[in-house]
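Peer 1: There's a structure below that I have some questions on.
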Amino acid sequence: MKFAVLVFPGSNCDIDCYKAVQETLGEPVDYVWHTATDLSDYDCIIVPGGFSYGDYLRCGAISQFAPVMNEVAKAAEQGKYVLGICNGFQILTEAGLLPGALRRNESIKFRCHDTTLKVVNYKTPFTKDYAEGEEIVIPIAHGEGNYYCDEETLASLKANNQIVFTYTDNPNGSVADIAGISNERGNVVGMMPHPERAVNTLLGSEDGKRMFSSILKTWRDTHGTASVR
């Protein structure tokens, strides 16, 4: 299985994501610049956190127009796995790959600390190594993590089991305590907390490790272990 970690001007969690894949899974992983026009070699695309294009206008508003995002949309349509973390989640909503939007934290403060999440949907390609209702510790670091959607969209998210994670102690005012969601198909997930920063006990938690192992396990179940590159 081969991973791509996208890099935009202003990304700052790309190295963390790269190291998480490399050290947790030992699978091939490349940095892919925002100008790339071909992602066909990759099975999973990670859109990392940071401050892409300085977060001007709105977080992710400029990044959605980067050439690579056309390829991310194609990969998602093909059923490949796409994971947007923090700024990556914001980019995916701006690009229309996930519903809703991320607004300023209700406190109007940047929040940077561990959070406890509840695994709501354990059947996505990203959560199969978790148990339903399990509580995990994953850190956050954001100023605009307040997830918002209208009532109709929220009802749809609930009906289609697209709410993947919720906060047990909402740090930003997100509607319905939402920390992460998926598309209807389940192959695209966006979340504000940083699983790549929770892959070793030295970091305070290794609960994020199983997110990456879930992706690999799902891919192997689909393609067969003999196909691993």
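The values are calculated or read from the model by the stated rules, or taken from the named source; none is laboratory data. In this text the structure is predicted, and so the values were computed from the model without any measurement. For neighbour counting, all protein chains shown are included, and Cβ atoms are generated from backbone atoms with ideal geometry for every residue, glycine included. Side chains included, ligands, DNA and RNA excluded: accessible areas come from the protein's heavy atoms. Shrake-Rupley method; radii C 1.70, N 1.55, O 1.52, S 1.80 Å.
Peer 1: From the residues in region 207-229 that are open to solvent by 20 Å² or more (accessible area, probe 1.4 Å), β-branched (Val, Ile, Thr) and in a helix (DSSP H, G or I), which one is nearest to LYS123 (Cα to Cα)?
Peer 2: THR222
Peer 1: Any residue in region 173-186 that is open to solvent by 30 Å² or more (accessible area, probe 1.4 Å) sitting within a Cβ distance under 9 Å of a residue that is in a strand (DSSP E or B) and basic (Lys, Arg)? List the pairs, counting only those 6 or more apart or interchain.
Peer 2: That search, which allows pairs on different chains as well, returns ASP177/LYS118.
Peer 1: Let me ask something else. Need the failing condition index for CYS59 against (1) at pLDDT 95 or above; (2) within 17 Å of GLY180 (Cβ to Cβ), just the number.
Peer 2: Unmet for CYS59, out of (1) at pLDDT 95 or above; (2) within 17 Å of GLY180 (Cβ to Cβ): (1).
Peer 1: Condition (residue is under 30 Å from GLY54 (Cβ atoms), in contact (Cβ under 8 Å) with a residue 12 or more places away in the chain and in contact with a Pro (Cβ under 6 Å, 6 or more places away or on another chain)) applied to region 152-163: is it met by at least one residue?
Peer 2: yes
Peer 1: Limited to region 3-24, what total is found for residues that are surrounded by 17 or more Cβ atoms within 10 Å (Cβ to Cβ) and either in contact with an Asp or Glu (Cβ under 7 Å, 6 or more places away or on another chain) or outside any strand (DSSP E or B) (or both)?
Peer 2: 13
Peer 1: Which of the residues spanning region 73-116 are within 18 Å of TYR53 (Cα to Cα), within 13 Å of the chain's Cα centre (by Cα) and assigned to a loop (DSSP other than H, G, I, E, B)?
Peer 2: CYS86
Peer 1: Pick from region 188-206 the residues that are modelled with pLDDT of 95 or more, open to solvent by 10 Å² or more (accessible area, probe 1.4 Å) and in contact with a helix residue (DSSP H, G or I) (Cβ under 8 Å, 6 or more places away or on another chain): which of them is nearest to ILE85 (Cα to Cα)?
Peer 2: Per the stated criteria, the residue is ARG197.
Peer 1: Mind listing whichever residues of region 41-61 are out of contact with any Phe, Trp or Tyr (no Cβ under 8 Å at 6 or more places or on another chain), open to solvent by 50 Å² or more (accessible area, probe 1.4 Å), in contact (Cβ under 8 Å) with a residue 24 or more places away in the chain and farther than 17 Å from GLY145 by Cβ?
Peer 2: Hit for region 41-61 is ASP41, nothing else.
Peer 1: Can you list residue pairs whose Cβ atoms sit under 9 Å apart, with the first residue in region 196-222 being without any contact (Cβ under 8 Å) to a residue 12 or more places away in the chain and the second being buried (at least 22 other Cβ atoms within 10 Å of the Cβ) and in a loop (DSSP other than H, G, I, E, B)? Count only pairs 6 or more apart in sequence or on different chains.
Peer 2: Once the first residue is without any contact (Cβ under 8 Å) to a residue 12 or more places away in the chain and sits in region 196-222, its partners that are buried (at least 22 other Cβ atoms within 10 Å of the Cβ) and in a loop (DSSP other than H, G, I, E, B) give GLU206/ALA198; GLU206/VAL199; THR222/PRO125.
Peer 1: Could you list, in sequence order, all residues of region 67-90 that are touching a Phe, Trp or Tyr at 6+ places or on another chain (Cβ under 8 Å), open to solvent by less than 10 Å² (accessible area, probe 1.4 Å) and touching a residue at least 60 places away in the same chain (Cβ under 8 Å)?
Peer 2: Within region 67-90, VAL68, LEU83, ASN87 qualify.
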